[in-house]
1. Classify the chain from the C-alpha gyration tensor, please: rounded if a/c falls under 1.5, else prolate or oblate depending on whether a/b exceeds b/c.
2. How far is it, in nm, from the label point at residue 148 to the one at residue 6 when both lie 7 Å from their Cα along the line to the Cβ?
3. Suppose a student asked you for the relative contact order of the chain, using Cα pairs under 8 Å spaced at least 6 residues apart; what percent would you report?
4. Sum up the charges of everything whose Cβ sits under 13 Å from the Cβ of residue 154, counting Lys and Arg as +1 and Asp and Glu as -1, but leave residue 154 out.
5. Taking the Cβ of each residue in 229, 350 as the centre, tally the other Cβ atoms inside 10 Å and list the residues starting with the fewest.
6. Give the lysines reachable from residue 49 as a straight Cα distance under 25 Å; neighbours fewer than 8 places away on the same chain don't count.
7. What is the distance in Å between the Cα centroid of the range 384-441 and that of the range 185-214?
8. Residue 251: net charge of surrounding residues, Cβ under 12 Å, Lys/Arg +1, Asp/Glu -1, itself excluded?
Amino acid sequence: MEAIFNVQSKFALERGLSKIKAIRNENYKRHGTKSYVYLLNRFGFEPTKPGPYFQGASFHQRGLAHPDFHEARGGRVHKKKHLKKKQTPEGATDPNGTETGEVGAEDQQNDSEYLCEVTIGTPGQKLLLDFDTGSSDLWVFSTELSKSLQSNHTVFNPKNSSTFKALTGQKWQISYGDGSSASGDCGSDDVTVGGLTIKNQTVELASTLAQQFAQGTGDGLLGLAWPSINTVTTNGKPTPANTPVANMITQEDVPSESELFTAAFYSERDANAQSFYTFGYIDQDLVTASGQQIAWTDVDNSQGFWMFPSTSSSVNGKAISQSGNSAIADTGTTLALVSDDVCDALYKAIPGAKYDDQQQGYVFPMSTDVSSLPEFKVSVGNTQFVIQPEDLAFAPADNNNWYGGVQSRGDNPFDILGDVFLKSVYAIFDQGNQRFGAVPKIQATQNLNPPSNQ
């Protein structure tokens with residue numbers, strides 16, 4: 001590993017690479033249930049625990065509209081899932097409600113906890129983007145949007161870039177289970193992250209945008225998953241575009257030892273710690289500070305995610321075997337979602353913890369002392385990592401309880417390890433070698449005080 005570090009250090013110095021600050025979004029408001037509902041939409045899983053939100057089905061008829069009817073008749077019928085919520089007749093959310101309603105923007109957390117500066121075009125236009133290892137589109141707010149949707153955002157103007165080229169016939173669209181979507185056309189341009197410039201990168205320009213996206217703070221998203229789940233089409237046929245990291249590799253912008261990126265997240269409770277990403281090199285100081293070698297595990301990218309084996313967990317040293325289990329590392333997710341068995345074991349070890357039907361999640365008393373929280377570990381390959389106690393307290397659930405940072409994955413077939421997990425490790429996404437690595441990064445002092453932005 002020392003030889004690889006030397007190559008990376010020389011490359012970073014020669015190219016003037018730097019850490020990309022993951023800027024804490026001052027407008028981000030933590031809310032446990034809204035974050036969980038966002039994940040229900042993002043991944044489309046069915047909850048296995050009671051609560052107001054569930055995946056409902058609607059049936060769509062494919063076929064031509066008969067002149068005597070106002071809807072399609074004939075053809076194949078297909079079922080589509082939509083997130084719904086149970087309600088009382090008056091409209092108040094009620095886990096035992098007998099009516100169902102639509103899930104709106106107010107039900108979910110649509111803002112990003114961290115934003116990173118990216119430069120696009122010549123001369124460079126600087127935008128704040130959400131870096132997301134759970135998706136693969138690089139899309140931005142553009143001048144093709146209506147003025148009302150552009151409000152409070154930095155907007156990319158392709159006409160002001162001499163290196164922008166329109167990609168004729170290419171379109172893109174992202175959508176979620178609540179029906180919200182964003183879409184538009186595509187071009188290519190120079191994209192610079194942390195001093196590394198990627199030429200001819202596909203940039204997806206938003207021309208339509210759901211209100212919930214517009215209400216967020218960032219100016220778009222930079223996907224860091226694998227290109228296979230990119231949504232670009234050419235003349236209606238899927239033609240996934242390369243992500244910046246994939247282009248970084250195929251265009252040989254980096255040496256073979258540097259075909260990676262890394263993420264170091266810190267809690268907002270720790271005012272002096274700066275979260276960051278690097279592209280093309282590993283921060284050796286963080287690895288050295290951990291006192292451990294990097295724990296590597298092979299990645300299964302067949303679904304487009306950073307997926308790896310995670311076959312064991314433990315609570316206060318008591319092992320929970322999960323034969324065949326997998327997990328994904330997802331910077332676009334705030335919570336950590338695990339199996340019901342693991343959730344039950346964790347919260348049974350926290351005095352006063354309970355499952356709250358109304359909030360559709362586990363909660364525990366704010367009076368809990370950090371020293372009484374259990375040591376909870378999840379595995380990356382063959383190595384277990386502690387999720388630091390302070391991140392088990394995700395957000396105030398009410399005046400007396402915390403909403404837990406670890407929640408049920410429902411019927412989703414794999415764990416989703418978001419920021420609640422990633423804040424405890426230094427994460428290394430080695431795309432060239434198709435592996436994921438980590439070392440522990442635990443804060444010396446644990447703090448359960450609510451963050452200042454609550």
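1. Working: a/c = 1.61, a/b = 1.01, b/c = 1.59.
Oblate shape, in that a/c is at least 1.5 and b/c is the bigger or equal ratio.
2. Label-label distance for residue 148 and residue 6, simple model: 6.2 nm.
3. Numbers: 1106 pairs, mean separation 78.4, N = 454.
This gives 17 percent for the chain.
4. Numbers: positive: 126; negative: 117, 219.
Net charge in that neighbourhood comes out at -1.
5. Numbers: 229 17, 350 22.
Ranked by crowding around the Cβ, least crowded first: 229, 350.
6. The qualifying lysines are 29, 34, 79, 80, 81, 84, 85, 86, 318, 348, 354, 377.
7. Taking the Cα centre of the range 185-214 as reference, the centre of the range 384-441 is 28 Å away.
8. Working: positive: 199; negative: 190, 252, 253, 259.
Here the count lands on -3.
Every read-out reported here was derived from the displayed coordinates using simple, explicitly stated rules and does not represent laboratory data. Being a predicted model, the structure only gives us computed values, none of them experimental. With ideal geometry, Cβ positions are generated from the backbone for all residues, glycine too; neighbour counts draw on all protein chains shown.
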